[in-house]
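The values are calculated or read from the model by the stated rules, or taken from the named source; none is laboratory data. What you are looking at is a predicted structure, and each value in this text was computed from that prediction instead of being measured. Glycine also receives a Cβ, built like all others from the backbone with ideal geometry; neighbour counts cover every protein chain displayed. Keep in mind that these areas ignore ligands, DNA and RNA; they rest on the heavy atoms of the full protein, side chains included. Shrake-Rupley method; radii C 1.70, N 1.55, O 1.52, S 1.80 Å.
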Amino acid sequence: MRESVSIVKQDYLTSSWEKKYDGIICNPPYFKFHDYDNAYYISDVNRRLDTRLNGFTNIYTLFLLKSIHQLKERGRLAYIIPSEFMNSDYGVEVKRTLVESNVLKHVVIVDFNECAFDDALTTASILLCEKNERVESVRFSVVKDVSCLESCLDECKSYKPSELDVNVKWKQYYEPTNASKFRNLVPFNLFAKVTRGIATGANEYFTFNRAKSEAFNIPKGCLLPCICHVQDVRTAVFTEGDFRMLADANKNVYLFDGHASEEDAWVKRYLELGRQHGYDKRYLTASRTPWYSIENRPAAPIWVSVFNRRGLRFVRNEANVRNLTTFHCVYTKGVVDTDILFAYLLTSVAQQIFLDNSRQYGNGLVKFEPNDLNKGMVVDLTLLNKDEKDFVKSIYDLIRQQGDRTIELVGQLDAFFLKKYTDKV
Ligand SMILES: C[S@@+](CC[C@H](N)C(=O)[O-])C[C@H]1O[C@@H](n2cnc3c(N)ncnc32)[C@H](O)[C@@H]1O
């Protein structure tokens, strides 16, 4: 029996949105926003699908979103499109739709030596989607040669949809990792646990400098030494002397702990002032009992800065003071010497390997949530012999003494760890 086939020649974007299909295969046009009537088409798609695609959206993503909408239950879709959307700002909304609709099953990144499209486009990707209720994994494969197209489907990296962050560049989910250049790596959480710093919910109320503490007569026992601003810490090793200097310079380096002396008349007065200004009704304070209690986060031996352009910045907290969310706390587990672990963390070897787990934003910012670090890998420092440990410690001592002139010393550590953890045994 011959199947009846009907061929329709029509503008796909203005054709019926109600029709649903069992299968959609598409190689859509790839017009940049200025090469088609973007104002009309993009707002039409946004209105129909309740999306927030911006005006820079390439037409191929409109085709894709419409097709996802037109899939029947258990229907399947295959699209070949440039990979650009995965790593660009306009692609965020597309990635969101793919993940939230739970249709995305497999992304094949076509990275042939010869360009699959015109010169302006770098790589292409094939998206394989299926509409069903099952929460599965999303797989990424990279194919370098057309003859490997089929076999590449088995060699893939797999993620739960909940693990895919639509705001970051997706190339981190399919590009080769830095970790693969090293041997003998272990999870960082074997040696340490990273948590976020203390969140007060009202820093202007809870943080104190010396002048403010004198003005309000707050007893010393209610003021916890605490780093509140990342720029107050300039060196890799933060000492008691550094803390004293900040306190003497009237920097905000104390955290108000009203709980420590609730019966003190001055503390009562400051708490009353807090209530009068509504600090007890803030989002975080309102969820605490009492509202002015401070999160139980002891001083961490190592801090790491949260969000910057130069990669991770670790600081050894020798002053034993607490920290607000400006840093994450790194609590060591006693498996390896803290100074040795810290010396390793200063190196670009550590940075490179951690980068595999970073969130890279379109604007060049790199962000690490505590769990990105907890799940990151580090070299297995338990494999260092006594001489090697002594060497690393001796460099740490020099770094301690030399304040901020540490580039050369960190270079020596880098060379050491690079050799130890890349050389074949
Ligand atoms: C990348 S080409 C793919 C051609 C063909 N599918 C193939 O694989 O050789 C994209 C095609 O989409 C067509 N096209 C452009 N805008 C369209 C629209 N609004 N509706 C339907 N087709 C369109 C173009 O004319 C072009 O033939």
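Over the chain, dividing the summed -39,500 (n - 2.57) contributions of all DSSP H runs of at least 4 residues by the number of residues returns a 222 nm mean residue ellipticity of -8000 deg cm²/dmol.
So what's the angle, to the nearest 10 degrees on a 0 to 90 scale, between helix 407-422 and the longest Cα principal axis of the chain? Between the helix axis and the principal axis of the chain, the angle is about 50 degrees.
Phi-derived couplings, Karplus 6.51 cos²θ - 1.76 cosθ + 1.60 at θ = phi - 60°, listed residue by residue for region 73-78: 4, 6, x, 10, 9, 10 Hz, with x used for Gly and Pro. Other residues within the sphere of radius under 10 Å centred on the Cβ of Val233, judged by their own Cβ, net out at 0 (K and R +1, D and E -1).
Note down the net charge around Glu204, summing +1 for each Lys or Arg and -1 for each Asp or Glu among other residues with Cβ under 13 Å from its Cβ. The answer is +2. Along region 3-17 the Karplus relation, 6.51 cos²θ - 1.76 cosθ + 1.60 evaluated at θ = phi - 60°, assigns HN-Hα couplings of 5, 8, 10, 10, 10, 10, 10, 7, 5, 4, 6, 9, 6, 3, 9 Hz to successive residues, with x for each Gly and Pro.
P(r) tail for the chain: Cα pairs beyond 36 Å make up 46% of the total. Using a Gaussian network model of the chain whose springs link C-alpha atoms within less than 10 Å, name the residue from Arg52, Arg359, Arg400 with the highest mean-square fluctuation. In the Gaussian network model the winner is Arg52. Converting phi to 3J(HN,Hα) with the Karplus coefficients 6.51, -1.76 and 1.60 and the offset θ = phi - 60°, region 85-100 yields 4, 5, 10, 10, 4, 5, x, 4, 5, 5, 4, 4, 4, 4, 6, 5 Hz in sequence order, with x at every glycine or proline. Within the accessible area of region 196-298, the carbon and sulfur atoms contribute 50%, probe 1.4 Å, all protein chains present. Two decimals is fine: what is log10 I(q)/I(0) at q = 0.13 Å⁻¹ for region 196-298, from a Debye sum with one equal scatterer on every Cα and no solvent? For region 196-298 at q = 0.13 Å⁻¹, log10 I(q)/I(0) is -0.47. Per residue, the solvent-accessible area of region 1-152 (1.4 Å probe, heavy atoms of protein chains only, all protein chains present) comes to 57 Å². Amide H contacts of Val378 (H built 1.01 Å from N, in plane; Pro and chain starts excluded): Val186, Phe188 sit under 5 Å, all sequence-distant by 5 or more or on other chains. At R0 = 51 Å, how high is the FRET efficiency between Gln276 and Asp22 if r is their beta carbon distance? Nearest 0.05 is fine. Calculated transfer efficiency: 0.20. Shape call for region 28-89 from the C-alpha gyration tensor, a ≥ b ≥ c root eigenvalues: rounded (a/c under 1.5), prolate (a/b greater than b/c) or oblate? Oblate.
Each label point was placed 7 Å from the Cα along the Cα-to-Cβ direction; for Asp44 and Lys220 their separation is 7.5 nm.
Residues in region 207-270 average 52 Å² of solvent-accessible surface per residue, probe 1.4 Å, ligands and nucleic acids excluded.
Kindly identify region 302-358 as rounded, prolate or oblate by the Cα gyration tensor criterion: order the square roots of the eigenvalues as a ≥ b ≥ c, call it rounded if a/c is under 1.5, otherwise compare a/b with b/c, prolate if a/b is larger, else oblate. Oblate, since a/c reaches 1.5 and b/c is not below a/b. Considering only beta bridges that DSSP places wholly inside the chain, some 75 percent are antiparallel. Report, in degrees rounded to the nearest 10, the 0 to 90 angle that the Cα long axis of helix 265-276 makes with the longest principal axis of the chain. So the helix axis and the longest Cα principal axis differ by about 20 degrees. For the chain, the longest principal axis of the Cα atoms and the long axis of helix 59-69 meet at an angle of about 80 degrees.
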